[in-house]
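Participant: Dumping the structure here so I can ask a few things about it.
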Amino acid sequence: MKETCLECGGSIETRIASKEHPYSFADLSGLPKVYLIGIKVSRCAGCDVESPTIPRLGELNRVIARDLVQKPAPLTGPELRFLRKRAGLASKDFAELLLITPSTLSRAENEKSPLGPQSDLLARAIAVAEMEGGKKTAELLLTKVREQQAKSATRYRLSFTGNGWKSAA
């Protein structure tokens, strides 16, 4: 029995993605240069919509994240976003952990302005820590960052008297 498309009623054709005709994982991952081989891909002949069957998706995402963290070149915006999302971090929290503003992170993720080398390295380390250590890693790091920010916001009051300067309470 032939499968039919639920959207248009067209016939479904199935293929196995190959080196010659891989499946682009861009729409599902946000990574424009990731292609999958060896998976089943169904395509509607009527509306031309493709649907992949991706086994062990969590494992696939871990392998992609590991490869991104280990690549020698700076992270691209989509790669940075993939690692952040894979680590389960909101952009506001990720920016705070990188010690940058959310707008700086947004510009980096949208490829308007790259991260500096220190932020790039820290983003990789945070992603690995989150993926390997679970959600407690980010919570611990955020607590430490916020403590440091609170300490740096402390005002020092000094008063001048006839005898010179001294700390005021």
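Participant: Being polar (S, T, N, Q) and surrounded by 13 or more Cβ atoms within 10 Å (Cβ to Cβ) is the filter here; which residues of the stretch 66-79 pass it?
Facilitator: 76, the sole residue that qualifies.
Participant: Which residue out of 96, 130, 147 is in a helix (DSSP H, G or I) and under 26 Å from residue 59 (Cα atoms)?
Facilitator: Being in a helix (DSSP H, G or I) and under 26 Å from residue 59 (Cα atoms) holds for just one of 96, 130, 147, which is 130.
Participant: Related question: What number goes with the only condition from (1) assigned by TED's automatic domain parsing to the domain that holds residue 113; (2) over 25 Å from residue 125 (Cα atoms) that residue 76 does not pass?
Facilitator: (2)
Participant: If you don't mind, another one. Scan 108, 73, 87, 45 and give me the residue that is over 30 Å from residue 3 (Cβ atoms), of a type outside the set (S, T, N, Q) and modelled with pLDDT under 95.
Facilitator: 87
Participant: Can you give me the number of residues within the stretch 120-142 that are buried (at least 20 other Cβ atoms within 10 Å of the Cβ) and either of a type in the set (Phe, Trp, Tyr) or free of Cβ contacts under 8 Å to residues at least 24 places away in the same chain (or both)?
Facilitator: Of the residues in the stretch 120-142, 0 are buried (at least 20 other Cβ atoms within 10 Å of the Cβ) and either of a type in the set (Phe, Trp, Tyr) or free of Cβ contacts under 8 Å to residues at least 24 places away in the same chain (or both).
Participant: Only one residue in 83, 142 is part of a helix (DSSP H, G or I), farther than 25 Å from residue 27 by Cα and in contact with a helix residue (DSSP H, G or I) (Cβ under 7 Å, 6 or more places away or on another chain). Which one?
Facilitator: Checking each option against the conditions leaves just 142.
Participant: Could you tell me whether the stretch 150-159 includes any residue that is in contact with a Lys or Arg (Cβ under 9 Å, 6 or more places away or on another chain), modelled with pLDDT of 80 or more and exposed (fewer than 11 other Cβ atoms within 10 Å of the Cβ)?
Facilitator: Yes, the stretch 150-159 contains at least one residue that is in contact with a Lys or Arg (Cβ under 9 Å, 6 or more places away or on another chain), modelled with pLDDT of 80 or more and exposed (fewer than 11 other Cβ atoms within 10 Å of the Cβ).
Residues are listed down the side, and each one gets a yes or a no for (1) buried (at least 17 other Cβ atoms within 10 Å of the Cβ); (2) touching a strand residue (DSSP E or B) at 6+ places or on another chain (Cβ under 8 Å); (3) in the same structural domain as residue 143 (by TED's automatic domain parsing):
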residue: 40; (1), (2), (3): no, yes, no
residue: 48; (1), (2), (3): no, no, no
residue: 64; (1), (2), (3): yes, no, yes
residue: 100; (1), (2), (3): yes, no, yes
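Participant: Something else about it: Would the stretch 23-31 turn up any residue that is part of a loop (DSSP other than H, G, I, E, B) and surrounded by fewer than 12 Cβ atoms within 10 Å (Cβ to Cβ)?
Facilitator: No, the stretch 23-31 contains no residue that is part of a loop (DSSP other than H, G, I, E, B) and surrounded by fewer than 12 Cβ atoms within 10 Å (Cβ to Cβ).
Participant: I've got another one for you. For residue 104, which of the numbered conditions (1) buried (at least 17 other Cβ atoms within 10 Å of the Cβ); (2) over 19 Å from residue 146 (Cβ atoms) fails to hold?
Facilitator: So the condition that residue 104 fails would be (2).
Participant: All but one of (1) in contact with a helix residue (DSSP H, G or I) (Cβ under 7 Å, 6 or more places away or on another chain); (2) over 30 Å from residue 39 (Cα atoms) hold for residue 118; which doesn't?
Facilitator: Residue 118 satisfies all of (1) in contact with a helix residue (DSSP H, G or I) (Cβ under 7 Å, 6 or more places away or on another chain); (2) over 30 Å from residue 39 (Cα atoms) except (1).
The values are calculated or read from the model by the stated rules, or taken from the named source; none is laboratory data. Since the model is a prediction, treat every value here as computed from it, not as a measurement. Cβ sites come from the backbone with ideal geometry, for glycine too, and all protein chains shown count toward neighbours.
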